[in-house]
Structure formats: C-alpha cells, structure tokens
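The block underneath contains the structure these notes are about, expressed in structure tokens.
The values are calculated or read from the model by the stated rules, or taken from the named source; none is laboratory data. Keep in mind the model is a prediction, meaning the values are calculated, not measured. In this analysis, Cβ positions are derived from the backbone assuming ideal geometry, glycine residues included, and neighbour counts consider all displayed protein chains.
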C-alpha cells in the first residue's frame, strides 16, 4: 500500500483518504450520492485499518469518526473534530464530476414558482 498526496499520484489510486470537518464531509457525501444510489458505510468506533480496508473490500465509501483510541494509538495528528472518509476512486471521480450540477457543489437550487 502506498499512501501519498493525490496530486502526486502517478496513476489512479484505489481509494482516496480524506480528513474533513463534518460540513466538508456532508458536501463530499452529497456529491457522491448525487451520482449513485449505493449507501455508504458508517461505523463510528472504527479503527484506521477498517476505515481503509472496508472500501477496498466493499467498493463503498466509508465515513468514520476514527475512535479516540485509534487516534491516540496511531498518534494521528488530526483534530478530534474531523471525520475520516475513505472513498473508492470511482466515487471520488463521480463526486468531482457532479460539482457543477449538484446543490452540494456549485449548482444553485430553486423552488418552482407557484
């Protein structure tokens, strides 16, 4: 397994790992859902290994709090206010492509005039 910056990857990765605040995670999840009806997985007390392995095994995006124990054990230098998203690259690419058309991206929603 190679972990590195997406912008420096020499080929498309299997999954994209993202630390984000809840608002950012909501936007990413909304962009993924815009293109797919597949449910994401969520296990709040998950550890780092399962948060990475689950998307590889299931092909589904995983949203994790990463337990306090996992953060301390692995000495992760992240805020306890951040979530961890493990996104299969196909979902990540779909999310990026959905930005112009989704309300979670750049599209402005309007209610029909009655």
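Numbers below:
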quantity	calculated
Which numbered condition residue 111 fails, given (1) assigned to a loop (DSSP other than H, G, I, E, B); (2) modelled with pLDDT of 90 or more	(2)
The lone exception for residue 70 - which of (1) at pLDDT below 75; (2) out of contact with any helix residue (DSSP H, G or I) (no Cβ under 7 Å at 6 or more places or on another chain); (3) part of a helix (DSSP H, G or I) it fails	(2)
Pairs, first over 16 Å from residue 57 (Cβ atoms) in region 8-19, second assigned to a loop (DSSP other than H, G, I, E, B), C-beta under 7 Å, six or more apart	19/78; 19/82
The one condition in (1) over 13 Å from residue 40 (Cα atoms); (2) under 16 Å from the mean Cα position of the chain (by Cα); (3) at pLDDT 90 or above that residue 78 fails to fulfil	(3)
When residues of region 19-48 are limited to those that are outside any helix (DSSP H, G or I) and at pLDDT 90 or above, the one surrounded by the most Cβ atoms within 10 Å (Cβ to Cβ)	20
Of residues in region 51-67 being part of a helix (DSSP H, G or I) and surrounded by 17 or more Cβ atoms within 10 Å (Cβ to Cβ), the one modelled with the lowest pLDDT	51
Enumeration of residues in region 1-18 that are farther than 20 Å from residue 65 by Cα and not in a loop (DSSP other than H, G, I, E, B)	6, 7, 8
